[in-house]
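Novice: The structure's right below; bear with me while I get my questions together.
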Amino acid sequence: MSSKFFLKHIQLITFDVHNVLLTIRNGAPYQYARLARQHLGIQSIDESLLRSNFIPAFRTLNITHPGYGVNTNISSRQWWTLIIEYTFKDYQLSSLQLEKLSEIIYDELAKGDMWIKHSQADYVLKELKKNKKLGVISNFDERLESLLEQHNLRQYFQFILTPRNCGLYKPQEEIFSHAANLANIQSNNNLCHVGDDVKLDYRAAQAANCHVLLLSKNEESKKNLLNEHKDIDRNHVIFNLDELLNLFI
């Protein structure tokens with residue numbers, strides 16, 4: 001994968017979005033705490049506690065209601081309400097407070113200014129689009145299209161695949177095959193996926209016979225990643241989006 005020649009055959013490059021192209025400003029726990037203080041008057045909120053509650057809740061909901069409940073008859077808003085309920089479980093919120101806070105958080109995080117665009121995103125995507133087909137494969141909800149529009153990123157992609165608009169979600173292999181079909185490319189082997197999650201991006205794409213590049217924050221993160229996951233090829237890990245230009249162009 002480190003060889004430029006090895007990637008010349010790639011016709012379609014797909015991207016995850018969260019923490020690849022867009023990142024929540026100051027992080028989700030900060031925004032959750034800020035909005036709870038502002039709208040519910042709860043002042044003593046521990047962001048680290050919110051974070052420690054959020055992670056298992058997110059993992060559990062992705063098992064019981066994968067793809068934001070696309071196949072389990074709940075809406076994305078209901079899905080996130082369950083997340084918020086568990087995240088704030090130590091604050092004894094009433095049902096009315098929970099409903100209010102969930103609505104506010106959902107709507108606020110649909111606003112573009114709550115997200116930071118990767119500084120290299122526009123330049124890299126513009127250059128890649130000259131010679132490659134580009135798409136998005138993301139386990140995101142209905143807000144994604146609007147967020148990409150607000151950050152002027154939608155223009156680069158031939159398609160956006162999310163659980164809610166295609167009924168599929170990572171790590172299902174079918175979502176990668178669906179992307180290949182939409183782009184009218186010969187096989188999954190002509191697709192390379194760029195993401196940051198070992199299970200949902202790296203292993204899922206490989207299982208679907210796609211190529212994959214994993215975005216890591218820095219050298220230390222890469223070292224920890226490789227030590228923890230022996231199946232990851234170090235040549236498949238990048239630090240910055242602009243590295244894609246050397247690989248594909």
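Read the figures in this text as sums done on the coordinates, not as results from a lab. None of the values given here were measured: they were computed from a predicted structure. Ideal geometry is used to build each Cβ from the backbone, glycine not excepted, and the neighbour counts take in all protein chains shown.
Novice: Run the quick spin-label model on I63 and S95: label points 7 Å from Cα toward the beta carbon, then report their separation in nm to one decimal.
Specialist: Taking the simple label geometry, I63 and S95 are separated by 2.8 nm.
Novice: I've got another one for you. Tell me what the chain gives for mean residue ellipticity at 222 nm when only DSSP H runs of n ≥ 4 count, each as -39,500 (n - 2.57), the sum divided by the residue total, rounded to 500 deg cm²/dmol.
Specialist: Calculated mean residue ellipticity at 222 nm is -12500 deg cm²/dmol.
Novice: For Cα extents along the principal axes in Å, the choices are [x] 53, 42, 37; [y] 52, 41, 40; [z] 58, 38, 32; which was calculated from the structure?
Specialist: Checked against the structure: label [z].
Novice: For D122, D141, D201, which order do you get if you count the other beta carbons within 10 Å of each Cβ and list the fewest first?
Specialist: D122, D141, D201
Novice: By the gyration tensor of its Cα atoms, with a ≥ b ≥ c the square roots of the eigenvalues, what is the shape of the stretch 6-64: rounded for a/c under 1.5, prolate for a/b over b/c, or oblate?
Specialist: Prolate.
Novice: Could you derive backbone 3J(HN,Hα) for the stretch 106-111 from the dihedral phi with the Karplus parameters 6.51, -1.76 and 1.60 (θ = phi - 60°), listing whole Hz in sequence and x where the residue is Gly or Pro?
Specialist: So the Karplus estimates, Gly and Pro as x, are 4, 6, 5, 7, 8, 8 Hz.
Novice: Which residues' amide hydrogens lie under 5 Å from the amide hydrogen of W115, considering only partners 5 or more residues apart or on another chain, with H built in the peptide plane?
Specialist: R25
Novice: I would also like to ask the following. With θ set to phi - 60° and the Karplus curve 6.51 cos²θ - 1.76 cosθ + 1.60, what are the ³J(HN,Hα) couplings of the stretch 168-173 in order, to the nearest whole Hz, using x for Gly and Pro?
Specialist: 10, 7, 5, x, 4, 5
Novice: Also: When DSSP beta bridges are limited to those with both residues in the chain, what percentage is antiparallel, rounded to the nearest 5?
Specialist: Expressed as a percentage, antiparallel bridges in the chain total about 15.
Novice: Still on this structure: Report, in listed order, any pair from K133/K199; K89/K111; K133/K230; K89/K230; K111/K217; K129/K230 with a Cα-Cα distance greater than 29 Å.
Specialist: From K133/K199; K89/K111; K133/K230; K89/K230; K111/K217; K129/K230, over 29 Å: K133/K230; K89/K230; K129/K230.
Novice: Another one. In nm, to one decimal, how far is the E103 label point from the K130 one, both placed 7 Å along Cα→Cβ?
Specialist: Between E103 and K130, the label points sit 4.9 nm apart.
Novice: To continue, here is another question. For the stretch 25-113, just run the numbers: alpha carbon Rg, then divide by 2.2 N^0.38 Å, N being how many residues it has.
Specialist: That works out to 1.04 for the stretch 25-113.
Novice: Under 20 Å between alpha carbons, and skipping anything fewer than 8 positions from K126 in its own chain: which lysines qualify?
Specialist: Once the sequence-local lysines are set aside, what remains near K126 is K4, K8, K117.
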